[in-house]
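What follows draws every value from the coordinates through simple rules; no lab data is involved. None of these values were measured; they are calculated from a predicted model. Heads up, the Cβs are rebuilt from the backbone with ideal geometry, glycines too, and the neighbour counts pull from every protein chain shown.
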Amino acid sequence: MKACLQWMMVFSVVVFVVGCSSTNKKTEGFGGSDAVTSGYSEGGAIQDERLGDLEEITNGSLMGGEFNNPDSLLSKSVIYFMFDSSEVQPVFAEVVTAHAQYLVANSGQRVILEGHADERGSPEYNVALSERRAKAVARMLEMQGVFPEQIEIISYGEMKPSEDGHDQAAWQLNRRVEITYQAQS
């Protein structure tokens, strides 16, 4: 039964990725505009010019090639989450799939998934939430063939914000999982 569910999830991701493919290289934000917006607030999406395209809000990697090519999904290494959620949003499925494909093709490579939360909630709750976020990304990677031994999870909670503000825009940037690769020895 478990294997059947895993295959169904993989199939769903593949169908989603194929269905969402386009020749347009520009990635739309959560709210459907050119800027990445929260799309989570009750009062509508919050736009922030600091966010720009998905390519601009993800960090790079120590590795070269596709990891430094802004047109490559491998150059995108931050997965953002909705408030109080550990569900990977569909807009980030292609990014996770690209990293899964790389890790499957490079089985000696290890990845660190660093979970983060915004400052709202108790420190204990935020550590648990950021761990659930990292585990959600890990499950997606594993469902696509990545070995669990290739994945390390670190949960920071609210301890390492990417943005120091105390507003929706800052909180949006702090609800994330960062995908980083360990240098191969």
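A compact table of results
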item: FRET efficiency estimate (nearest 0.05) - Cβ-Cβ, F83 to Q109, R0 25 angstrom; result: 0.15
item: Zone of Q184's modelled label, taken as backbone nitrogen in segment 93-126 under 13 Å from a point 7 Å along Cα→Cβ; result: 102-111
item: Most to least packed among 153-166, 131-144, 113-126 [average Cβ atoms within 10 Å]; result: 131-144, 113-126, 153-166
item: Spatial extent of segment 52-181: Rg and Dmax, with the Cα atoms as the point set, Å; result: 14.0, 41
